[in-house]
Every structure is written in structure tokens, then in C-alpha cells.
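To keep things clear, I will list the structure first and then write my remarks on it.
Read-outs throughout are calculated quantities, based only on the coordinates presented, and are distinct from any laboratory measurement. Everything numeric here is computed off the predicted structure, so don't read it as measured data. Virtual Cβ from ideal backbone geometry, glycine too; neighbours counted across all protein chains shown.
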Amino acid sequence: MLTKYSPGVIICLRKLTVCLGFVFLAFSGFSQEFLFKRNRQKQSIPFKCIKNLMVIPVYVNGKGPFDFVLDTGVGPMIITDPSIIDSLNFSMLRKIKVSGLGIETVEAYVSQSLDVKVGNATIERIPTAILKEDLFNLSGHLGLKIYGLLGYSFFNSFIVDVRYSENRLIIYDHDAKIKYRGKKIPIQIDNQKPYISANIELPAIGTVATRFLMDTGASHALSLEMFNGGEFPLPEKNIKANLGMSLSGQIKGSIGRLSRLSIGGYIFKDVVAGFPDFKTIAEKIDLSKRNGNLGADLLRKFNIQFNYQEGFIYVKPNSLSKAPFEYDMVGMVIYLDQNDYKRLIIGEIDENSPAEKAGLCPYDEIIGVNFKGVETYSLNDLSELFKSKADRSVIFEIYRDKQVFFKVVRLEKRI
């Protein structure tokens, strides 16, 4: 369940698969856009790429900068930590229900009075959903304080050139002269989110045409949700896994590989894909418009120019395009304790995984990795280490029940 951390509840995200495309927030009639001042037409903005997610600096009501995830999978801006807003009176705000997976419905509050600045571009009265507390624990899973998510209002205001290979964006006014690079691919904007067509190949069904939500806020490569009104057939080789978290619950399912995926004529083989439990998600979200979710582990293999208003993107393969798709070879979730974001805690451990075989347990605190203090690593460093090379040994220094001991985990390519 997605709740505030307590000793009996762990919020688990596999590779930080935050499927915010499942969120529907009912805003309508708003057409505000970010605008440059003083006739500026473009700007370069660096971003931090953490577990495949783009984190950018954002100012809210003149204060900041605050770190936000730049997420094509959300419509209105979402603030996950309301402490950044002075004198916020929740009793004066309209309350809405936000549905996702799981059995709970999350309450959020609608604001239309916030001013936001990104670089030299500003927007007034941006449609915003405010959570009263950090239900996502994005900070704990990314390793730095995250205050919210920015989506449609930003992407619809500019031509957004995402250069994953350089960790920077270039945003252009729609009147600017732009040199497009790579191949043009049509997209459809539906309910403030971008969708793209692709062909996939699975042994059980052959090659099929599919439609995916493009989701820069999901760190996985691909999630396959519905095929012909039911679930996708699993590849023969698959493993059970916790695929991530939506607003109100864990996403259970399996992990397997596609034979190939073709998007805009570019072909990828052996793509790691999640197969979420169909019955669970079909009860909570409308799958009629998509077959699944295309995440940042695949998108980052391109540099991408988004043009929402004209309905296309340009993609150009970058230096990451030929890197193979890999999945976690340890079999456990780690996160920073939400109290001070310093203690590194083990969350869910997969059955029969290398972590389980080595004797690691949920709630163990990791205080060292390979004889270095855990403070010398970022969570991104550890995420990359855990999927780096089969048969590599990783030595964990563990604190449990007031005792310190070492556990050796041998990385295993499980899928």
C-alpha cells in the first residue's frame, strides 16, 4: 500500500517504476502556458538523470529551486511536498479523489493560484494537484529531496529537446527556428499525455501493432498491460516481481523479454518488459486507449524533440542506443529512510533471488558496500551496480538487531 513510511509498511519501487500515467486528475478549461520574457526564444536547462528519470530545478511562487521530476505521464503539475507553499489553507481548496492501483483512493487538493518558473520561462495559475504529504517517497527512492512532478503544461508550452546523452534540455518557443534531427514520428496527445505506435514481437503471438503511453516518469523500458481485451501471454522465461508503485498500491506481475520492438523503424532486441497483473490494473484504469507504457529506460536511448502542439517527435539514437537492456541482478528494493534520508534500508526481497540466497532480509540497514561506507554511493550508483555484470560479487555490510556483519551477494542474470 502507498502510505507514509512506518515500521510495518515499506514502500517498494522496482527500478523506481512510478507509473503516474495511471493518475487521472479532472482539470478542464485551462490553457495557460509557460512564456519567455524579453523576447527570448530558447534556453538550455541541465537535468539530473537518476534511475532514468529527469530531475529539473523549479521555482514555485518565487521560492526555490526545488527538484521536480519532468514527467510526460502526468497532466497537471503535482506537488508532493506542500511545505514549499506558504500559508496554504487546505480548507479553501477543492478536494478531489485520485485513483490508481490498490484498494485505497488518495485525496488531493486542486490549486489554480500558483506561479511557476523553469529557467527563464514562467507560468501563472498553473493547474496543480497538491498532496498533503509525500505519499510517493520519491525522495527516499531517488536519494534526493523531490518536491513534485511537472508534465503537460511544460511540454505543451515549448518544443522540448531532450538530450539524454548530455543530461540537458533545450526548450524552444514555438515561433523559434528549430533544426530537427533524426526521424519524425507522429504522436497523439490524449488527456494531456503523449501516445506512440510501435510493433512488438513475442514468441506466443508473433508481431503485433501496439499503442503505448510515452512516460518519461517511468524508469522501466516497457510495461505490457493489455492485448485483445485481456492479458499479454508471458514469455516462457519470466520471473515474478513487484513492478513498481502507482498512487495507491503496488503493481504486481512478472518480468520477461520481448524478442524485438520496432519504433519509428528503429529496432531493439531482448527488451526487458513488465507484465503487470491484468485483473488488478483493469479494475482501476482505462486500458482501452493503450496496450502499455513505454518508459525512460528505452526512451533515453534517443535524443528526442517533442512537439505536442503539432503532434510529432523527432528521435535520433544516441550513445546509449546500443547498450543492452538489463534487469536488477540482486533481487531487492532499497530506499532511504524517510525520516532523514540517510539510512539505507532493504525493502522487498524477491523469492529465490541472490539477495534471499545470501541471507539478506527486509528492514536490514546497509551501512557499507564493497568495504566503502554507504554514504560514498548515490542510489543511482547502487542501481547501476546491481545490474552491472552477472557473477560479480557484491559485499554488503549489514546492521541488524544491533549487530554488524557481512553478506556476499553474487549477481545473477535472472531474465
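Assorted remarks:
- Contact order normalised by residue count of segment 183-317, Cα under 8 Å, 6+ apart, percent: 33 percent
- With R₀ fixed at 25 Å, the C-beta to C-beta distance from T122 to C49 puts the FRET efficiency at about 0.50.
- Relative contact order (%) - segment 332-410, alpha-carbon pairs under 8 angstrom, separation at least six: 26 percent
- One quarter of the surface of the convex hull around the alpha-carbon atoms of segment 332-410 equals 5.0 nm², the direction-averaged projected area.
- Taking every DSSP beta bridge that has both ends in the chain, the antiparallel portion is near 90%.
- By the rule of a C-alpha distance below 12 Å, with chain neighbours fewer than 8 residues away ignored, the aspartates and glutamates paired with K279 are E225, E231.
- Label-point separation in nm, K342 to V110, each point 7 Å along Cα→Cβ: 4.3 nm
- Between F312 and K37, the modelled labels are 3.5 nm apart [label points 7 Å from Cα along Cα→Cβ].
- Most mobile of L144, L93, L53 in a GNM of the chain (Cα contacts under 10 Å): L93
- CD proxy at 222 nm, helix term only [per DSSP H run n ≥ 4: -39500 (n - 2.57); per residue of the chain; nearest 500]: -1500 deg cm²/dmol
- Placing one equal scatterer on every Cα of segment 131-183 and applying the Debye formula, the log10 ratio I(q)/I(0) at q = 0.20, 0.22, 0.31 Å⁻¹ is -0.88, -0.94, -1.21.
- Spatially proximal lysines relative to K413 (Cα-Cα < 25 Å; intrachain offsets below 8 disregarded): K15, K51, K237, K240, K252, K269, K301, K322, K357, K372, K387, K389
- Shown for segment 124-196: lysine pairs separated by 8 or more places, or found on different chains, whose C-alpha atoms are under 27 Å apart, numbering 7.
- Efficiency of FRET from Cβ geometry, E356 and Y399, R₀ 25 Å, rounded to 0.05: 0.85
- Distribution of pairwise C-alpha distances over segment 260-302, 5 Å bins, in %: 5, 15, 26, 21, 16, 13, 4
- Here segment 297-313 is scanned for amide nitrogen atoms under 20 Å from the site 7 Å beyond the Cα of K179 along Cα-to-Cβ, giving 302-307, 313.
- Cross-link partners of K407 among aspartates and glutamates (Cα-Cα below 13 Å; sequence separation of 8 or more within a chain): E356, D364, E365, E397
- Mean projected area (nm²) of the alpha-carbon convex hull when segment 115-211 is viewed from all directions: 10.3 nm²
- Inter-label distance, D270 to F371: 3.2 nm, where each label sits 7 Å from its Cα along the C-beta direction.
- Expressed as a whole percent, the proportion of Cα-Cα pairs in segment 183-317 lying more than 17 Å apart is 57%.
- Cα-only Debye scattering, the chain: base-10 log of I(q)/I(0) at q = 0.11 Å⁻¹: -0.82
- Under the criterion of Cα pairs below 8 Å and six or more residues apart, the relative contact order for the chain equals 18 percent.
- Volume per residue for segment 285-379 equals 218 cubic angstrom (convex hull of Cα atoms).
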